[in-house]
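A short worksheet on the structure shown next.
The values are calculated or read from the model by the stated rules, or taken from the named source; none is laboratory data. Quick caveat, the model's predicted, so the values are computed rather than measured. In this analysis, Cβ positions are derived from the backbone assuming ideal geometry, glycine residues included, and neighbour counts consider all displayed protein chains. Heads up: the accessible areas ignore ligands, DNA and RNA and are worked out on the full protein's heavy atoms, side chains in. Shrake-Rupley method; radii C 1.70, N 1.55, O 1.52, S 1.80 Å.
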Amino acid sequence: MADELVHGTHWISPALVGIALLMWLTSMGVFLTHPLSELPLYFAHRYLVLDATSLLFMVVINTVFLGICVYLYSRERNTPALTRDIRSRAALMLLFMAVIHIGLMANHLVLLWTLIEISTLCAAPLVARGDVANPRAVAWRYMLYSVMTLAITFLGFMCLTQSAHLRGVEVSFMVDQLGESLTRESSAWQRLGLSFMLFGLGGKLGLAPLYGWLPETYEAAPTSTSALLASVQFNLSMVAVFRILQIFHGVDAGFVSQELLVMGYISLVVAAIQIMACTNYKRLIAYACVSSSGVIALGLSVGKAAAYGVVLYIVSNAFVKSLLFLTAGRMRAVYGTNEVDPLSGVIRTLPLAGLLFTLGIFALLGFPPFASFLAEMLILSGIVQAGNLLAFTLMCVMLTVIFVATGRTVFPMLWGAPKVTVTVPPQSWITLLPKLGFVAVLVMLGTYTPDPFTDLLRAVAVSIGG
């Protein structure tokens, strides 16, 4: 029976790669054939829109998803446990991506809010397939956190509605129309609504104080699912924040800046403290994601000159997170643990995985020639131009602490003397393709970015106040 099951599902992972490739080619085709001057394009009675923001993130997440599918295909060939559930896993992943794509194009805040929650419902069964002690409990907590953060966001919608009602204005949550119902005068309900929306969506991004779900979920989930959450669902929530910034452009700008600034401060401090105490490499990557969200929040709080750096940072982080999680999957498969201590000497036991993980850590910490280095320099430059020396100082200090703490944990794991003897299963060259591709993209974005892609990044930066 088991052999018949395997034989009956052997085509699913290649088909998944084929669908992912088709999605990537389609998004690249749209990117190359639709000049920015032709955007935005509206569909479905204006409920969906293709603009610079949705187009950029479609290209990014489809590239990442293609890499994840290739990785899953290569792992499934040598992992019977994956073969047994590949049918439902592939169906959930495709449903997840369909929801994400509609969400990226959503021109209605409530529709976008709904799709974020549906994507969580699709991802939770994937999280529950992890091999930690009780993955189902982790999946339930992930869902509960998501419901809580999105409930806070919905309170923001209600407060905006109340603000418009008190002023006798009809409110529409269409992204391109909601701005017309806002007031530039002081409005407690409007500010409360904006505060709730940013706070709730900040929780989905892993910003403190609502970051508790992220380290546990990223550690417990299978590595391909961790990469999906960190590099795909994260970007859908990021688009929701961009939509709010586009709506409130020039309205309550100081209030938006202060809230993002505080959440960014707290996130960097929390990430630095947690990384110093971390002894689990998947959890370390997760706390680094919290740190990255803090940098993004600080950059968005400044806007203007830092905006281009923020957009580049978000794009580069999608590839950094995927590279690290997929490489962590190889180490987990060989060593059977997420703990750092037994993995001493990875570079000797797993030379390619160790090298790729090292490159991922360098990219994560903002070393040249990776795009994260250029992005961080642009964000810091924008903060200095804005005259916010406190934000500049805190960001530099926290990034330095994170760099030292990460190096103290990771580099002995990679370069130390081996402590255990493990059997290294053969690895197909196909497994390396997505990781090498992610490294190539990070180097390209940090050294030479093609003009069409630069124009797209700039258009998104301008849309959020850059």
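Using Cα atoms only, what is the angle between the long axis of helix 351-364 and the major principal axis of the chain, expressed in degrees (0 to 90) to the nearest 10? Once rounded, the angle reads 20 degrees. The portion of the accessible surface of the range 311-403 made up by carbon and sulfur, rounded to a whole percent, is 71 (1.4 Å probe; DNA, RNA and ligands excluded). For the range 155-281, a simple Cβ point-charge model (Lys and Arg +1, Asp and Glu -1, everything else neutral) yields a dipole of about 60 debye relative to the Cα centre.
Relative contact order of the chain: 17 percent, from C-alpha pairs under 8 Å at least 6 residues apart in sequence. Once you list every other residue whose beta carbon is under 14 Å from the beta carbon of residue 252, what net charge do they have if Lys and Arg are +1 and Asp and Glu are -1? The answer is 0. For the range 42-66 versus the range 331-373, the spacing of their alpha-carbon centroids is 32 Å.
Positive contributions from Lys and Arg (+1) and negative ones from Asp and Glu (-1), summed over other residues with Cβ under 14 Å from the Cβ of residue 190, come out at -1. The convex hull defined by the C-alpha atoms of the range 78-226 has an orientation-averaged projected area of 9.8 nm². Here the dipole of the chain is about 840 debye; that uses its Cα centre as origin and unit charges on the Cβ of Lys and Arg (positive) and Asp and Glu (negative).
Seen against the Cα atoms of the chain and their longest principal axis, helix 109-127 is set at about 10 degrees.
Using the Cβ of residue 17 as centre and a radius below 13 Å, the other residues enclosed give a net charge of +1, where K and R count +1 and D and E count -1. Projecting the Cα positions of 237, 202, 169 onto the charge dipole of the range 164-241 (unit charges on Cβ atoms of Lys, Arg, Asp and Glu, taken about the Cα centre) puts 169 furthest along the positive direction.
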